[in-house]
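Visitor: After the C-alpha coordinates below, expect a handful of questions from me.
The values are calculated or read from the model by the stated rules, or taken from the named source; none is laboratory data. Note that this is a predicted model, so its numbers are computed, not measured. For neighbour counting, all protein chains shown are included, and Cβ atoms are generated from backbone atoms with ideal geometry for every residue, glycine included. What goes into the accessible areas is simple: the full protein's heavy atoms, side chains included, and nothing from ligands, DNA or RNA. Shrake-Rupley method; radii C 1.70, N 1.55, O 1.52, S 1.80 Å.
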Amino acid sequence: MSSPEIERLIQMLSKLPGLGPRSARRAALHLIKRRDSLLDPLASAMAQAAQSVQPCGVCGNLDGTDPCGVCADARRDSSSICVVEDVADLWALERASSYRGVYHVVGGTLSALDGRGPDDLNIGALLGRVEAGEVTEIILATSATVEGQATAHYITDRLEETVVDGEPQFRITRLAHGVPVGGELDYLDDGTLSAALKARRPV
Amino acid sequence: MNWSDEGIVLSTRKHGENAAIVTLMTRAYGRYAGLVRGGSGSRARGIYQTGNLVTADWRARLSEHLGSYTCELLQPHAALLMTERQQLMALLSATALVERLLPEREPHPEVFESLKALITVLEEDVNWPSGYALWEAGFLNDLGYGLDLSQCAATGSREDLVYVSPRTGCAVSASAGEPYKDKLFPLPAFLLGRGEIANTDEILQAFRVTGHFLNVCARDVDGGGIPEARGRFLDRFSRS
(Lines give C-alpha, C1' and ligand atoms only; values in the text may rest on other atoms or scores of the structure.)
Protein backbone atom coordinates (compact mmCIF):
# COMPACT_ATOMS: atom_id res chain seq x y z
CA MET A 1 0.00 0.00 0.00
CA SER A 2 2.59 2.58 1.11
CA SER A 3 6.00 2.89 -0.42
CA PRO A 4 8.90 1.11 1.33
CA GLU A 5 10.28 4.50 2.47
CA ILE A 6 7.03 5.38 4.24
CA GLU A 7 6.74 1.89 5.72
CA ARG A 8 10.26 2.18 7.07
CA LEU A 9 9.47 5.59 8.57
CA ILE A 10 6.36 4.16 10.25
CA GLN A 11 8.32 1.17 11.47
CA MET A 12 11.03 3.38 13.01
CA LEU A 13 8.51 5.77 14.58
CA SER A 14 6.58 2.87 16.12
CA LYS A 15 9.68 1.99 18.13
CA LEU A 16 9.53 5.30 20.01
CA PRO A 17 8.14 5.29 23.55
CA GLY A 18 4.39 5.94 23.60
CA LEU A 19 3.89 5.14 19.94
CA GLY A 20 2.41 1.96 18.52
CA PRO A 21 1.98 1.05 14.83
CA ARG A 22 -1.26 3.03 14.45
CA SER A 23 -0.04 6.19 16.14
CA ALA A 24 3.26 5.87 14.24
CA ARG A 25 1.27 5.79 11.00
CA ARG A 26 -0.57 8.98 12.03
CA ALA A 27 2.71 10.66 13.02
CA ALA A 28 4.35 9.66 9.71
CA LEU A 29 1.44 11.06 7.71
CA HIS A 30 1.52 14.26 9.78
CA LEU A 31 5.24 14.68 9.10
CA ILE A 32 4.96 13.99 5.39
CA LYS A 33 2.11 16.45 4.96
CA ARG A 34 4.21 19.16 6.65
CA ARG A 35 7.47 18.55 4.87
CA ASP A 36 8.82 22.12 5.13
CA SER A 37 7.68 22.97 8.59
CA LEU A 38 8.23 19.59 10.29
CA LEU A 39 9.80 16.76 8.33
CA ASP A 40 12.90 18.52 7.02
CA PRO A 41 13.70 20.40 10.25
CA LEU A 42 13.13 17.22 12.26
CA ALA A 43 15.36 15.17 9.97
CA SER A 44 18.05 17.81 10.16
CA ALA A 45 17.77 18.11 13.98
CA MET A 46 18.01 14.34 14.32
CA ALA A 47 21.02 14.13 12.03
CA GLN A 48 22.72 16.92 13.96
CA ALA A 49 21.95 15.28 17.31
CA ALA A 50 23.19 11.92 16.07
CA GLN A 51 26.43 13.53 15.00
CA SER A 52 27.18 15.76 17.96
CA VAL A 53 25.41 14.46 21.08
CA GLN A 54 27.61 12.18 23.13
CA PRO A 55 28.00 11.09 26.74
CA CYS A 56 30.07 13.49 28.83
CA GLY A 57 33.42 11.93 29.67
CA VAL A 58 33.22 13.31 33.22
CA CYS A 59 29.66 12.73 34.41
CA GLY A 60 27.90 10.65 31.75
CA ASN A 61 25.35 13.36 30.89
CA LEU A 62 24.32 13.66 27.24
CA ASP A 63 25.39 16.87 25.56
CA GLY A 64 26.81 18.28 22.34
CA THR A 65 30.11 19.06 24.04
CA ASP A 66 32.51 17.04 26.13
CA PRO A 67 32.71 17.92 29.02
CA CYS A 68 29.03 18.76 29.08
CA GLY A 69 27.52 22.18 29.82
CA VAL A 70 26.93 21.29 33.47
CA CYS A 71 30.49 20.09 34.12
CA ALA A 72 31.98 23.04 32.21
CA ASP A 73 29.91 25.65 34.08
CA ALA A 74 32.32 27.46 36.42
CA ARG A 75 29.43 28.87 38.48
CA ARG A 76 28.47 25.41 39.66
CA ASP A 77 29.79 23.92 42.88
CA SER A 78 32.02 21.09 41.71
CA SER A 79 32.59 19.91 45.30
CA SER A 80 29.04 18.54 45.42
CA ILE A 81 28.22 15.54 43.22
CA CYS A 82 24.65 14.33 42.81
CA VAL A 83 24.55 10.69 41.72
CA VAL A 84 21.58 9.82 39.48
CA GLU A 85 20.54 6.66 37.68
CA ASP A 86 19.81 8.13 34.31
CA VAL A 87 20.08 11.30 32.24
CA ALA A 88 16.29 11.70 32.61
CA ASP A 89 16.80 12.02 36.39
CA LEU A 90 19.47 14.66 35.81
CA TRP A 91 17.06 16.61 33.62
CA ALA A 92 14.35 16.30 36.30
CA LEU A 93 16.68 17.78 38.94
CA GLU A 94 17.73 20.55 36.56
CA ARG A 95 14.05 21.38 35.98
CA ALA A 96 13.64 21.88 39.72
CA SER A 97 16.47 24.49 39.62
CA SER A 98 17.27 23.86 43.27
CA TYR A 99 20.64 22.19 42.90
CA ARG A 100 23.76 24.02 41.77
CA GLY A 101 26.34 21.26 42.08
CA VAL A 102 27.45 18.76 39.44
CA TYR A 103 26.16 15.31 38.59
CA HIS A 104 27.24 11.76 37.96
CA VAL A 105 25.08 9.43 35.87
CA VAL A 106 25.64 5.77 36.80
CA GLY A 107 23.48 4.46 33.97
CA GLY A 108 20.91 2.29 35.79
CA THR A 109 20.55 0.15 38.87
CA LEU A 110 21.94 -3.17 39.98
CA SER A 111 19.53 -5.81 38.77
CA ALA A 112 19.98 -9.54 39.07
CA LEU A 113 17.00 -10.14 36.78
CA ASP A 114 18.38 -8.00 33.99
CA GLY A 115 21.90 -9.31 34.57
CA ARG A 116 23.20 -5.83 35.42
CA GLY A 117 26.06 -5.98 37.91
CA PRO A 118 28.39 -3.32 39.34
CA ASP A 119 30.72 -3.58 36.34
CA ASP A 120 27.90 -2.52 34.03
CA LEU A 121 27.40 0.75 35.90
CA ASN A 122 29.50 3.89 35.69
CA ILE A 123 30.66 3.61 39.32
CA GLY A 124 34.42 3.39 38.72
CA ALA A 125 34.44 6.88 37.19
CA LEU A 126 32.61 8.26 40.24
CA LEU A 127 35.24 6.78 42.55
CA GLY A 128 37.91 8.31 40.33
CA ARG A 129 36.29 11.76 40.66
CA VAL A 130 36.08 11.41 44.42
CA GLU A 131 39.69 10.33 44.72
CA ALA A 132 40.94 13.03 42.39
CA GLY A 133 38.90 16.08 43.32
CA GLU A 134 37.92 18.25 46.23
CA VAL A 135 34.59 16.60 46.81
CA THR A 136 32.80 17.53 50.04
CA GLU A 137 29.39 15.96 49.46
CA ILE A 138 27.95 13.12 47.44
CA ILE A 139 24.16 13.10 47.15
CA LEU A 140 22.69 9.73 46.22
CA ALA A 141 19.58 10.54 44.19
CA THR A 142 18.67 7.04 43.04
CA SER A 143 14.99 6.15 42.85
CA ALA A 144 13.02 5.14 45.91
CA THR A 145 12.73 1.55 44.76
CA VAL A 146 14.36 -1.54 46.21
CA GLU A 147 16.78 -1.72 43.29
CA GLY A 148 17.53 2.02 43.41
CA GLN A 149 18.27 1.93 47.12
CA ALA A 150 20.31 -1.28 46.86
CA THR A 151 22.42 0.50 44.24
CA ALA A 152 22.77 3.52 46.55
CA HIS A 153 23.94 1.25 49.40
CA TYR A 154 26.43 -0.42 47.08
CA ILE A 155 27.81 2.95 45.96
CA THR A 156 28.05 4.03 49.61
CA ASP A 157 30.11 0.94 50.39
CA ARG A 158 32.44 1.60 47.48
CA LEU A 159 32.80 5.27 48.43
CA GLU A 160 33.62 4.34 52.02
CA GLU A 161 36.33 2.02 50.70
CA THR A 162 38.07 5.01 49.11
CA VAL A 163 38.80 6.38 52.58
CA VAL A 164 42.06 4.69 53.44
CA ASP A 165 42.56 5.99 56.96
CA GLY A 166 41.15 8.72 59.10
CA GLU A 167 37.89 10.56 58.62
CA PRO A 168 36.42 10.92 55.12
CA GLN A 169 36.70 14.37 53.58
CA PHE A 170 33.23 14.11 52.14
CA ARG A 171 29.79 13.32 53.45
CA ILE A 172 27.34 10.99 51.76
CA THR A 173 23.67 11.95 51.78
CA ARG A 174 20.58 10.68 50.06
CA LEU A 175 17.27 12.21 49.02
CA ALA A 176 14.49 12.09 51.61
CA HIS A 177 11.59 9.68 51.18
CA GLY A 178 8.17 10.78 52.28
CA VAL A 179 5.13 12.98 51.81
CA PRO A 180 5.17 14.85 48.49
CA VAL A 181 4.41 18.56 48.35
CA GLY A 182 0.64 18.93 48.03
CA GLY A 183 0.11 15.33 49.19
CA GLU A 184 -2.76 14.53 51.52
CA LEU A 185 -2.07 11.69 53.94
CA ASP A 186 -5.40 10.06 53.18
CA TYR A 187 -4.36 9.53 49.57
CA LEU A 188 -0.81 8.35 50.17
CA ASP A 189 0.13 4.71 49.70
CA ASP A 190 1.13 2.70 52.78
CA GLY A 191 4.76 2.40 51.70
CA THR A 192 5.26 6.15 51.38
CA LEU A 193 3.53 6.76 54.71
CA SER A 194 5.70 4.17 56.46
CA ALA A 195 8.86 5.66 54.95
CA ALA A 196 7.77 9.17 55.92
CA LEU A 197 7.07 8.13 59.49
CA LYS A 198 10.39 6.33 59.71
CA ALA A 199 12.26 9.37 58.40
CA ARG A 200 10.45 11.92 60.61
CA ARG A 201 12.59 14.63 62.13
CA PRO A 202 12.33 17.13 64.96
CA VAL A 203 10.75 20.51 64.20
CA MET B 1 -9.32 -19.85 35.71
CA ASN B 2 -8.55 -17.64 38.64
CA TRP B 3 -7.41 -17.74 42.25
CA SER B 4 -6.75 -15.35 45.12
CA ASP B 5 -4.03 -15.60 47.72
CA GLU B 6 -1.49 -13.67 49.75
CA GLY B 7 1.91 -13.26 48.17
CA ILE B 8 5.33 -11.78 48.74
CA VAL B 9 6.81 -9.89 45.79
CA LEU B 10 9.97 -11.67 44.64
CA SER B 11 10.71 -9.64 41.55
CA THR B 12 9.24 -7.13 39.13
CA ARG B 13 10.40 -6.92 35.55
CA LYS B 14 9.31 -4.04 33.35
CA HIS B 15 7.31 -5.21 30.35
CA GLY B 16 6.60 -2.72 27.60
CA GLU B 17 6.02 0.85 28.66
CA ASN B 18 3.75 0.50 31.68
CA ALA B 19 3.22 -3.17 32.37
CA ALA B 20 5.33 -5.42 34.56
CA ILE B 21 5.83 -9.14 34.97
CA VAL B 22 5.62 -9.73 38.69
CA THR B 23 6.67 -12.93 40.42
CA LEU B 24 5.06 -13.63 43.78
CA MET B 25 5.72 -16.25 46.41
CA THR B 26 2.19 -17.20 47.34
CA ARG B 27 1.07 -19.34 50.24
CA ALA B 28 -1.06 -21.89 48.39
CA TYR B 29 0.23 -21.73 44.81
CA GLY B 30 3.98 -21.29 45.28
CA ARG B 31 6.16 -19.14 43.05
CA TYR B 32 3.85 -17.72 40.42
CA ALA B 33 4.38 -15.06 37.76
CA GLY B 34 1.77 -12.84 36.18
CA LEU B 35 1.40 -9.71 34.11
CA VAL B 36 0.36 -6.52 35.87
CA ARG B 37 -1.03 -3.86 33.55
CA GLY B 38 0.29 -0.49 34.70
CA GLY B 39 2.59 -2.32 37.14
CA SER B 40 5.63 -0.22 36.29
CA GLY B 41 3.68 3.03 36.07
CA SER B 42 4.18 5.67 38.74
CA ARG B 43 0.94 4.83 40.60
CA ALA B 44 1.42 1.11 41.04
CA ARG B 45 5.21 0.85 41.17
CA GLY B 46 5.25 1.18 44.95
CA ILE B 47 3.07 -1.89 45.40
CA TYR B 48 5.31 -4.18 43.40
CA GLN B 49 8.54 -3.62 45.30
CA THR B 50 10.47 -6.72 46.32
CA GLY B 51 9.49 -7.92 49.78
CA ASN B 52 6.05 -6.30 49.92
CA LEU B 53 3.17 -8.47 51.11
CA VAL B 54 0.14 -8.24 48.82
CA THR B 55 -3.21 -9.89 48.24
CA ALA B 56 -3.22 -11.13 44.68
CA ASP B 57 -5.94 -12.13 42.24
CA TRP B 58 -4.53 -14.16 39.38
CA ARG B 59 -6.62 -14.65 36.27
CA ALA B 60 -6.02 -16.41 32.93
CA ARG B 61 -8.09 -18.13 30.30
CA LEU B 62 -6.00 -21.31 30.56
CA SER B 63 -3.92 -22.39 33.53
CA GLU B 64 -0.75 -22.66 31.43
CA HIS B 65 -0.99 -19.00 30.37
CA LEU B 66 1.14 -16.32 32.01
CA GLY B 67 -2.05 -14.76 33.39
CA SER B 68 -2.51 -11.36 34.93
CA TYR B 69 -2.42 -10.16 38.50
CA THR B 70 -4.43 -7.56 40.34
CA CYS B 71 -2.83 -6.86 43.68
CA GLU B 72 -3.46 -4.81 46.75
CA LEU B 73 -0.74 -3.87 49.20
CA LEU B 74 -1.01 -5.48 52.64
CA GLN B 75 2.33 -4.62 54.24
CA PRO B 76 4.91 -2.25 52.73
CA HIS B 77 8.01 -4.12 53.90
CA ALA B 78 10.17 -2.71 51.11
CA ALA B 79 9.64 0.87 52.29
CA LEU B 80 10.67 -0.07 55.81
CA LEU B 81 13.81 -1.97 54.79
CA MET B 82 15.00 0.37 52.05
CA THR B 83 17.11 2.51 54.35
CA GLU B 84 18.69 -0.42 56.21
CA ARG B 85 21.76 -1.29 54.21
CA GLN B 86 22.46 -4.86 55.28
CA GLN B 87 18.87 -5.90 55.90
CA LEU B 88 17.90 -4.76 52.40
CA MET B 89 20.74 -6.81 50.92
CA ALA B 90 19.61 -9.82 53.00
CA LEU B 91 16.06 -9.39 51.72
CA LEU B 92 17.26 -9.21 48.11
CA SER B 93 19.44 -12.26 48.65
CA ALA B 94 16.55 -14.30 50.11
CA THR B 95 14.06 -13.32 47.40
CA ALA B 96 16.64 -13.95 44.66
CA LEU B 97 17.34 -17.41 46.08
CA VAL B 98 13.63 -18.29 46.14
CA GLU B 99 13.21 -16.96 42.61
CA ARG B 100 16.26 -18.87 41.39
CA LEU B 101 15.91 -22.22 43.14
CA LEU B 102 12.26 -22.88 43.88
CA PRO B 103 10.34 -24.62 41.09
CA GLU B 104 7.55 -22.51 39.61
CA ARG B 105 3.88 -23.21 40.34
CA GLU B 106 4.49 -25.79 43.05
CA PRO B 107 2.84 -25.13 46.40
CA HIS B 108 5.40 -24.59 49.15
CA PRO B 109 3.44 -23.01 52.02
CA GLU B 110 6.36 -23.53 54.39
CA VAL B 111 8.63 -21.39 52.15
CA PHE B 112 6.00 -18.63 52.08
CA GLU B 113 5.64 -18.70 55.86
CA SER B 114 9.38 -18.79 56.49
CA LEU B 115 10.02 -15.94 54.04
CA LYS B 116 7.29 -13.88 55.67
CA ALA B 117 8.78 -14.59 59.10
CA LEU B 118 12.27 -13.72 57.82
CA ILE B 119 11.09 -10.31 56.60
CA THR B 120 9.65 -9.58 60.05
CA VAL B 121 12.97 -10.65 61.61
CA LEU B 122 14.87 -8.34 59.24
CA GLU B 123 12.64 -5.44 60.30
CA GLU B 124 12.51 -6.02 64.02
CA ASP B 125 15.19 -8.34 65.37
CA VAL B 126 18.72 -7.18 66.21
CA ASN B 127 19.90 -10.79 65.79
CA TRP B 128 18.63 -10.88 62.22
CA PRO B 129 21.92 -12.27 60.71
CA SER B 130 21.53 -15.56 62.58
CA GLY B 131 17.82 -15.52 61.65
CA TYR B 132 18.81 -15.17 58.01
CA ALA B 133 21.33 -18.05 58.25
CA LEU B 134 18.67 -20.26 59.87
CA TRP B 135 16.25 -19.27 57.10
CA GLU B 136 18.77 -20.44 54.46
CA ALA B 137 19.17 -23.75 56.30
CA GLY B 138 15.38 -24.15 56.43
CA PHE B 139 15.06 -23.20 52.76
CA LEU B 140 17.60 -25.91 51.85
CA ASN B 141 15.41 -28.35 53.72
CA ASP B 142 12.37 -27.25 51.69
CA LEU B 143 14.37 -27.72 48.49
CA GLY B 144 15.28 -31.27 49.47
CA TYR B 145 18.90 -30.43 50.25
CA GLY B 146 18.43 -30.18 54.01
CA LEU B 147 21.19 -30.50 56.54
CA ASP B 148 20.83 -33.45 58.90
CA LEU B 149 22.23 -32.11 62.13
CA SER B 150 20.37 -34.44 64.47
CA GLN B 151 23.21 -36.91 65.03
CA CYS B 152 26.74 -37.80 63.94
CA ALA B 153 26.68 -39.52 60.54
CA ALA B 154 29.57 -41.80 61.56
CA THR B 155 28.84 -42.75 65.18
CA GLY B 156 25.18 -41.84 65.70
CA SER B 157 26.16 -39.71 68.70
CA ARG B 158 24.01 -36.66 69.48
CA GLU B 159 26.73 -34.97 71.51
CA ASP B 160 29.68 -32.85 70.51
CA LEU B 161 28.54 -32.24 66.93
CA VAL B 162 31.09 -29.79 65.51
CA TYR B 163 31.42 -30.55 61.79
CA VAL B 164 29.22 -30.83 58.70
CA SER B 165 30.09 -33.12 55.81
CA PRO B 166 30.18 -31.15 52.51
CA ARG B 167 29.15 -34.29 50.67
CA THR B 168 26.11 -35.40 52.64
CA GLY B 169 25.13 -32.37 54.75
CA CYS B 170 25.18 -34.56 57.86
CA ALA B 171 26.67 -33.57 61.19
CA VAL B 172 29.88 -35.20 62.34
CA SER B 173 31.08 -35.38 65.94
CA ALA B 174 34.44 -34.01 67.05
CA SER B 175 36.02 -37.42 67.58
CA ALA B 176 34.76 -38.96 64.32
CA GLY B 177 35.62 -35.89 62.27
CA GLU B 178 39.08 -35.25 63.69
CA PRO B 179 41.01 -37.14 60.93
CA TYR B 180 39.05 -35.33 58.20
CA LYS B 181 38.64 -31.94 59.80
CA ASP B 182 40.34 -30.12 56.90
CA LYS B 183 37.69 -31.42 54.53
CA LEU B 184 34.70 -30.80 56.79
CA PHE B 185 32.85 -27.56 57.47
CA PRO B 186 32.87 -26.31 61.05
CA LEU B 187 29.33 -26.51 62.43
CA PRO B 188 28.30 -23.36 64.32
CA ALA B 189 26.31 -24.33 67.42
CA PHE B 190 23.40 -21.99 66.68
CA LEU B 191 22.55 -23.99 63.51
CA LEU B 192 21.56 -26.86 65.79
CA GLY B 193 18.58 -24.70 66.72
CA ARG B 194 19.14 -24.75 70.46
CA GLY B 195 18.71 -21.01 70.82
CA GLU B 196 22.37 -20.03 71.14
CA ILE B 197 23.29 -16.42 70.31
CA ALA B 198 25.70 -16.48 67.38
CA ASN B 199 28.68 -14.21 66.85
CA THR B 200 29.78 -12.90 63.44
CA ASP B 201 32.34 -15.67 62.89
CA GLU B 202 29.78 -18.37 63.58
CA ILE B 203 27.28 -16.73 61.25
CA LEU B 204 29.90 -16.61 58.50
CA GLN B 205 30.62 -20.30 59.11
CA ALA B 206 26.91 -20.99 58.72
CA PHE B 207 26.83 -19.02 55.46
CA ARG B 208 29.73 -21.13 54.20
CA VAL B 209 27.77 -24.30 54.89
CA THR B 210 24.46 -23.10 53.45
CA GLY B 211 26.24 -21.44 50.50
CA HIS B 212 27.90 -24.73 49.59
CA PHE B 213 24.59 -26.62 49.50
CA LEU B 214 22.75 -23.78 47.77
CA ASN B 215 25.42 -23.97 45.07
CA VAL B 216 24.95 -27.74 44.82
CA CYS B 217 21.20 -27.19 44.42
CA ALA B 218 21.71 -24.47 41.79
CA ARG B 219 24.05 -26.71 39.82
CA ASP B 220 21.48 -29.49 39.92
CA VAL B 221 18.73 -27.13 38.74
CA ASP B 222 20.45 -25.92 35.57
CA GLY B 223 24.20 -26.03 36.03
CA GLY B 224 24.35 -22.36 37.06
CA GLY B 225 25.35 -20.71 40.29
CA ILE B 226 23.50 -18.91 43.06
CA PRO B 227 22.39 -15.29 42.54
CA GLU B 228 24.88 -12.43 42.75
CA ALA B 229 22.64 -10.76 45.32
CA ARG B 230 23.70 -13.35 47.90
CA GLY B 231 27.38 -12.74 47.16
CA ARG B 232 26.91 -8.98 47.56
CA PHE B 233 25.09 -9.48 50.86
CA LEU B 234 27.81 -11.80 52.15
CA ASP B 235 30.52 -9.42 51.04
CA ARG B 236 28.85 -6.55 52.89
CA PHE B 237 28.13 -8.64 55.97
CA SER B 238 31.67 -10.01 56.25
CA ARG B 239 33.03 -6.44 56.22
CA SER B 240 30.67 -5.22 58.96
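Visitor: With contacts defined as alpha carbon pairs under 8 Å and 6 or more residues apart, what's the relative contact order of chain B in percent?
Guide: Numbers: 439 pairs, mean separation 37.9, N = 240.
Relative CO of chain B lands at 16 percent.
Visitor: Suppose R0 equals 51 Å. What FRET efficiency, 1/(1 + (r/R0)^6) with r the Cβ-Cβ distance, do residue A:125 and residue A:7 give to the nearest 0.05?
Guide: Values: r = 42 Å, r/R0 = 0.82.
With a Förster radius of 51 Å, E is 0.75.
Visitor: Evaluate peptide A:134-141: per residue, the Cβ atoms of other protein chains within 10 Å of its Cβ; return the mean as an integer. The partial results should precede the final answer.
Guide: On the way: counts 0, 0, 0, 0, 0, 0, 0, 0.
For this peptide, the per-residue mean of nearby foreign Cβ atoms is 0.
Visitor: Below 8 Å, C-alpha to C-alpha, sequence gap of six or more: please give me the relative contact order for chain A in percent.
Guide: On the way: 229 pairs, mean separation 26.4, N = 203.
Worked out over chain A, it gives 13 percent.
Visitor: Any idea what Rg and Dmax come out to for chain A if you just take the C-alpha atoms, in Å?
Guide: Cα-based Rg and Dmax for chain A come out at 21.5, 73 Å.
Visitor: Within 10 Å of each candidate Cβ there may be at most 13 other Cβ atoms; applying that plus a DSSP loop requirement, which GluC sites (Glu not before Pro) in region B:1-66 survive? The partial results should precede the final answer.
Guide: Details: sites: B:6, B:17, B:64; in loops: B:17, B:64.
Those that pass, being in a loop and sparsely packed, are B:17, B:64.
Visitor: Please figure out what share of the DSSP beta bridges in chain A is antiparallel and state it in percent, rounded to the nearest 5. It would help to have the intermediate numbers written out before the result.
Guide: Details: 3 of 16 bridges.
Antiparallel bridges make up about 20 percent of those DSSP assigns within chain A.
Visitor: Excluding the sites themselves, what is the longest stretch of chain A that contains no GluC sites (Glu not before Pro) in a DSSP loop with at most 14 other C-beta atoms within 10 Å?
Guide: Numbers: sites that count: A:134, A:184.
It works out to A:1-133.
Visitor: Another one. Could you grab the relative contact order for region A:4-52? Cα pairs under 8 Å, six or more apart, rounded to a whole percent. Please list the in-between numbers first.
Guide: On the way: 21 pairs, mean separation 11.9, N = 49.
Here the relative contact order equals 24 percent.
Visitor: Continuing with this model, one more query. Ignore the peptide's own chain and count Cβ atoms of other chains within 10 Å of each Cβ in A:146-155; give me the average, rounded. All intermediate terms of the calculation are to be shown ahead of the outcome.
Guide: On the way: counts 17, 5, 2, 10, 10, 0, 4, 10, 5, 0.
Across the residues of A:146-155, the mean count of other-chain Cβ atoms within 10 Å is 6.
Visitor: Then there is this: Report, to the nearest whole %, how much of the accessible area of region B:52-161 belongs to carbon and sulfur atoms, 1.4 Å probe, protein only. Present the calculation step by step, with values, prior to reporting the outcome.
Guide: On the way: 2240 of 4730 Å².
The computed percentage sits at 47.
Visitor: Hey, could you get me the Stokes-Einstein D for region B:2-79, Kirkwood radius over alpha-carbon pairs, 37 °C and 0.692 mPa s, rounded to whole µm² s⁻¹?
Guide: On the way: Rh = 12.0 Å.
The estimated diffusion coefficient comes to 273 µm²/s.
Visitor: Further question on the same structure: Need one value for A:188-199: mean number of C-beta atoms belonging to other chains within 10 Å of its residues' C-beta atoms. It would help to have the intermediate numbers written out before the result.
Guide: On the way: counts 1, 8, 8, 13, 3, 2, 7, 7, 1, 2, 5, 1.
For peptide A:188-199, the averaged partner shielding equals 5.
Visitor: Further, regarding this structure: For region B:46-128, state which trypsin sites (Lys or Arg not before Pro) are in a DSSP loop and have at most 11 other beta carbons lying within 10 Å of their beta carbon. Walk me through the numbers before you get to the answer.
Guide: On the way: sites: B:59, B:61, B:85, B:100, B:105, B:116; in loops: B:61, B:105.
Sites meeting the loop and neighbour criteria: B:61.
Visitor: With r defined as the distance between the Cβ atoms of residue B:37 and residue A:190 and R0 fixed at 25 Å, what FRET efficiency is calculated, to the nearest 0.05?
Guide: Values: r = 21 Å, r/R0 = 0.85.
According to the calculation, E is roughly 0.75.
Visitor: To the nearest 10 Å², what's residue B:222's accessible area with a 1.4 Å probe?
Guide: Rounded to the nearest 10, the figure is 100 Å².
Visitor: Kirkwood hydrodynamic radius for region B:51-107: how many Å is it when counted over pairs of different Cα atoms?
Guide: Details: mean 1/r = 0.0746 Å⁻¹.
Value: 13.4 Å, from the Cα pair sum.
Visitor: Roughly how much accessible area, to the nearest 100 Å², goes out of reach of solvent when B and A pair up, both sides summed, probe 1.4 Å?
Guide: On the way: alone 12000 and 13580 Å², together 23410 Å².
Interface area, both chains combined: 2200 Å², rounded to the nearest 100.
Visitor: A further question follows. Taking the Cα centre as origin and putting +1 on Lys and Arg beta-carbons and -1 on Asp and Glu beta-carbons, what dipole magnitude results for region A:128-203, to the nearest 20 debye? The partial results should precede the final answer.
Guide: Values: 7 positive and 13 negative charges, 38 e Å.
Around 180 debye, computed over region A:128-203.
Visitor: Within straight cross-link reach of residue B:14, meaning Cα distance under 25 Å, which lysines are found once same-chain residues fewer than 8 apart are removed?
Guide: Straight-line reach from residue B:14, under 25 Å: A:15, B:116.
Visitor: Still on this model: Provide Rg over Rh for region A:4-52; use the alpha carbon set for both Rg and the Kirkwood Rh (inverse mean inverse pair distance). Write down the numbers at each step before the final one.
Guide: Values: Rg = 11.0 Å, Rh = 11.2 Å.
Using only Cα positions, Rg/Rh for region A:4-52 is 0.98.
Visitor: Here's something else I'd like to know. Taking only protein heavy atoms into account and a 1.4 Å probe, give the accessible area per residue of the protein assembly as shown in Å².
Guide: Numbers: 23410 Å² over 443 residues.
On a per-residue basis, 53 Å².
Visitor: Taking the simple approach of a point 7 Å from Cα along Cα-to-Cβ for both residue B:28 and residue B:120, what is their distance in nm?
Guide: 2.1 nm
Visitor: Now, a different point. Say R0 is 60 Å: what FRET efficiency, to the nearest 0.05, do residue A:54 and residue B:148 get from their beta-carbon distance?
Guide: Computed FRET efficiency for residue A:54 and residue B:148: 0.50.
Visitor: With no solvent and one equal point scatterer placed on each C-alpha of region B:81-239, evaluate the Debye formula and give log10 I(q)/I(0) for q = 0.10, 0.15, 0.18, 0.19 Å⁻¹, two decimals.
Guide: Reported log10 I(q)/I(0), two decimals: -0.35, -0.80, -1.13, -1.24.
Visitor: Something else: Which log10 I(q)/I(0) values, to two decimals, does region B:154-240 give at q = 0.10, 0.14 Å⁻¹ under the Debye formula with one point per Cα?
Guide: -0.29, -0.56
Visitor: Give the longest segment of chain A that steers clear of trypsin sites (Lys or Arg not before Pro) in DSSP loops with at most 14 neighbouring Cβ atoms within 10 Å, not counting the sites themselves. Mind dumping the intermediate values first?
Guide: Working: sites that count: A:15, A:34, A:75, A:100, A:200.
Here the longest run is A:101-199.
Visitor: May I pose another question? Give me the distance in nm between label points sitting 7 Å out from Cα along the Cα-to-Cβ direction at residue B:240 and residue A:37, one decimal.
Guide: So the two model labels end up 6.3 nm from each other.
Visitor: Distances over 26 Å make up what percent of all Cα-Cα pairs in the protein assembly as shown? Before the final figure, lay out the partial values.
Guide: Details: 63981 of 97903 pairs.
The share of Cα pairs beyond 26 Å in the protein assembly as shown comes to 65 percent.
Visitor: For the pair residue B:157 and residue B:208, how long in nm is the line joining their label points, each one 7 Å along Cα→Cβ?
Guide: In this crude label model, residue B:157 to residue B:208 measures out at 2.2 nm.
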